[in-house]
1. Label-point separation (nm) for B:Thr54 and B:Glu305, each offset 7 Å from Cα along Cα-to-Cβ?
2. Determine the share of the range B:187-319's accessible area contributed by carbon and sulfur atoms, expressed in whole percent, with a 1.4 angstrom probe.
3. Looking at B:Ala126, B:Tyr176, B:Ser89, which one has the Cα that reaches farthest to the positive end of the dipole of the range B:74-179 (charges on Cβ: Lys, Arg +1; Asp, Glu -1)?
4. If the label for A:Glu305 sits 7 angstrom from Cα along the Cα-to-Cβ line, what are its distances to the same label in every other copy, in nm to one decimal, shortest first?
5. Computed on alpha carbon atoms, what radius of gyration and Dmax characterise the range B:214-369, expressed in Å?
6. Compute the FRET efficiency between B:Ser195 and B:Arg7 as 1/(1 + (r/R0)^6), taking r as their Cβ-Cβ distance and R0 = 60 Å, and round to the nearest 0.05.
7. Please name the residues of the range B:249-292 whose accessible area, counted over protein heavy atoms with a 1.4 angstrom probe, falls by no less than 30 Å² between the chain alone and the full protein assembly.
8. Give the interface area between chains B and A as buried accessible surface, both sides summed, probe 1.4 Å, in Å² to the nearest 100.
2 protein chains.
Amino acid sequence: MQRTPARIGDPLEAIETPALVVDLDAFERNLDRMADATKGNRLRPHAKSHKCATIAKAQLARGAVGICCQKTDEAAAFVDAGLRDVLVSNEIVAPSKVARLAELAQRATIGVLVDALPGVAALSEAASRARTVIDVYVEIDVGAHRCGVAPGPSALALAHAIIRAPGLRFRGLQAYQGAAQHLRDPEARRAAIASAAADARRTRESIVGAGIACDFVTGAGTGTWQLERDSGVYDELQPGSYVFMDADYGRNVAAPSELRFEQSLYVLASVMSVPAAERAIVDAGLKAFSFDSGLPLVHGRAGAEYVKASDEHGVLSIGADAPPIAHGERVWLIPGHCDPTVNLYDWIVAVRSGVVEGVWPIEARGALG
Amino acid sequence: MQRTPARIGDPLEAIETPALVVDLDAFERNLDRMADATKGNRLRPHAKSHKCATIAKAQLARGAVGICCQKTDEAAAFVDAGLRDVLVSNEIVAPSKVARLAELAQRATIGVLVDALPGVAALSEAASRARTVIDVYVEIDVGAHRCGVAPGPSALALAHAIIRAPGLRFRGLQAYQGAAQHLRDPEARRAAIASAAADARRTRESIVGAGIACDFVTGAGTGTWQLERDSGVYDELQPGSYVFMDADYGRNVAAPSELRFEQSLYVLASVMSVPAAERAIVDAGLKAFSFDSGLPLVHGRAGAEYVKASDEHGVLSIGADAPPIAHGERVWLIPGHCDPTVNLYDWIVAVRSGVVEGVWPIEARGALG
């Protein structure tokens with residue numbers, strides 16, 4: 001773990017760059033807005049976005065029922081930090097990982113997904129050996145074409161296997177339409193979630209029709225959660241990025257009825273070189289941002305554009321009419337994609353009114369296993 | 001820092017995935033090959049690629065004069081690990097960082113670049129306050145159009161400022177042509193380095209002509225180092241990626257005379273879901289690779305192609321004629337770009353003949369400051 005880039009009470013100018021900075025006012029409004037808007041459902045925010053126990057606890061304090069994460073080691077980091085209800089919204093099949101999940105289930109409510117019989121057997125054996133119970137959800141493919149069984153009979157067969165397996169408790173269906181989150185057109189998102197919800201409804205009906213309780217249909221992300229909320233099918237919602245937002249979510253066109261979230265996450269960088277009036281180099285490049293969803297956006301600095309990155313350098317193009325840029329000038333940058341960018345840092349610097357109010361460890365950074 | 005994904009003596013099957021794995025035989029051949037081929041020059045490998053003191057020490061044991069890195073915190077990690085000659089091949093201007101560099105210079109030979117007068121003043125003040133000496137190189141822009149002053153008179157003016165500045169020792173010129181490293185055509189690389197070398201030669205002559213000693217011209221990367229070596233201008237060579245290689249370097253077309261390095265770096269992943277015969281999902285996605293230079297390549301597995309990533313998932317397309325892929329199957333993947341991929345991991349698992357021989361901490365991972 002690297003040294004902290006700031007101390008509580010520091011002014012903005014004292015933050016060492018590059019640093020991951022959260023605007024606390026915007027961040028808290030995002031948390032409140034989501035909590036208020038999901039009171040009729042269970043909110044289980046996705047902690048893969050922030051990987052930070054401080055933020056998970058702020059979500060629980062506002063009424064979240066628990067959190068999601070994607071990896072066994074993330075779940076371990078959050079349980080170690082005091083979280084008591086974690087759904088690993090992913091298939092975990094390796095014996096060593098399944099054994100760790102079962103150990104965590106001795107201390108917390110742990111859920112996990114299956115989409116094939118070997119997963120059921122591995123989880124059952126591990127839970128039985130640890131004398132504990134693991135909550136299991138069947139993942140159905142509702143259009144993302146990633147993991148998941150087809151909606152309908154395949155899911156019912158898995159539910160049957162789970163209820164017969166010692167140490168497992170069948171809780172319901174994971175029905176996350178990941179491919180819909182970044183569809184730009186709101187009508188395309190609406191159609192995708194309508195289809196996903198129909199698949200989930202039909203599958204739940206077949207399971208319930210077979211006499212098996214199916215407590216929860218869970219899923220949704222920041223790009224579509226209102227659609228799942230209003231579907232009449234999803235009991236539980238899993239948005240993650242809403243706490244921060246990013247440049248790519250900013251490119252989604254919102255429907256008039258959509259609630260908006262504010263950009264709260266920035267990388268604060270410094271100009272380290274001004275080789276020419278039209279070009280400045282900042283100290284944040286490929287190791288300070290994830291570039292999978294495009295380049296960072298310059299925030300609040302007229303005429304400057306982030307145009308190119310190398311490992312530790314970012315090139316800003318400075319427009320002919322822009323105010324001149326100076327050595328040491330601070331530049332606020334909006335990441336293209338928040339989740340994998342956060343995963344590059346050990347600390348989140350939380351600021352309000354120009355002062356550092358918190359320096360939060362990102363406990364699950366690099367938790368790949 | 002996350003738990004280690006393996007223990008010394010483990011067989012490959014016991015490595016937890018996703019893991020960053022080095023094939024030790026190929027890795028050591030790469031180190032030997034570069035050491036042998038640069039005996040007539042100073043080799044100062046770039047440690048930004050590996051961020052790992054174990055590897056830096058293996059390079060020194062083969063004759064490297066020291067290492068490069070890009071960040072103050074990287075330099076601190078390497079000095080703390082026992083390295084005694086570190087060139088920060090970058091402009092460092094923030095007062096807190098310059099002060100840390102001066103502290104490091106009390107314990108090790110520390111070099112750094114300047115491309116403007118404010119950098120000279122800041123370094124001189126910090127070195128004087130710490131009663132130490134910092135080695136300073138003038139960076140000239142030899143075609144990468146990132147940092148650096150123009151070759152010629154601007155560089156001479158900076159050299160004059162450095163030799164007059166207390167606490168600083170002018171050592172020479174940094175002349176790195178980063179933009180040439182990934183030019184696919186060997187003739188284009190040759191032309192770019194010929195131009196860079198001419199710029200460096202002319203600048204050195206003007207400095208020496210003014211009565212200032214200019215001990216070293218330093219630079220070069222894995223894509224071009226033979227050209228700098230043979231230029232008659234570069235005293236010192238800074239390649240980094242040659243220890244690992246990656247998919248993007250693999251796309252460079254080699255001239256017949258070019259020495260080749262072997263792929264030694266892999267991400268070992270596991271199949272977590274096989275939703276259809278033509279599609280398998282592995283446990284390594286946007287947080288397990290940097291995607292700035294393209295998708296990972298599947299190694300040694302016929303008919304499988306890595307076609308898509310989300311945060312924690314990679315989608316493999318399985319060809320119709322390929323052997324069927326199974327739950328839990330291990331897949332070896334070649335990263336698109338080695339440097340920022342290594343920066344995602346806390347550990348390198350070093351394997352030989354199917355057994356884990358070392359688990360090396362990546363001390364400077366996340367060293368952004």
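1. In this crude spin-label approximation the distance works out to 3.6 nm.
2. 53 percent
3. B:Ala126
4. 3.3
5. Values for the range B:214-369 (Cα only, Rg and Dmax): 18.2, 64 Å.
6. The value I calculate is 0.75.
7. B:Met272, B:Ser273, B:Arg279, B:Leu286, B:Lys287, B:Asp292
8. Answer for the B-A pair: about 4700 Å² buried.
The values are calculated or read from the model by the stated rules, or taken from the named source; none is laboratory data. This structure is a prediction, so every number in the text was calculated from the model and none was measured. A quick note on method: Cβ atoms are made from the backbone with ideal geometry, for glycine too, and the neighbour counts reach across all protein chains shown. What goes into the accessible areas is simple: the full protein's heavy atoms, side chains included, and nothing from ligands, DNA or RNA. Shrake-Rupley method; radii C 1.70, N 1.55, O 1.52, S 1.80 Å.
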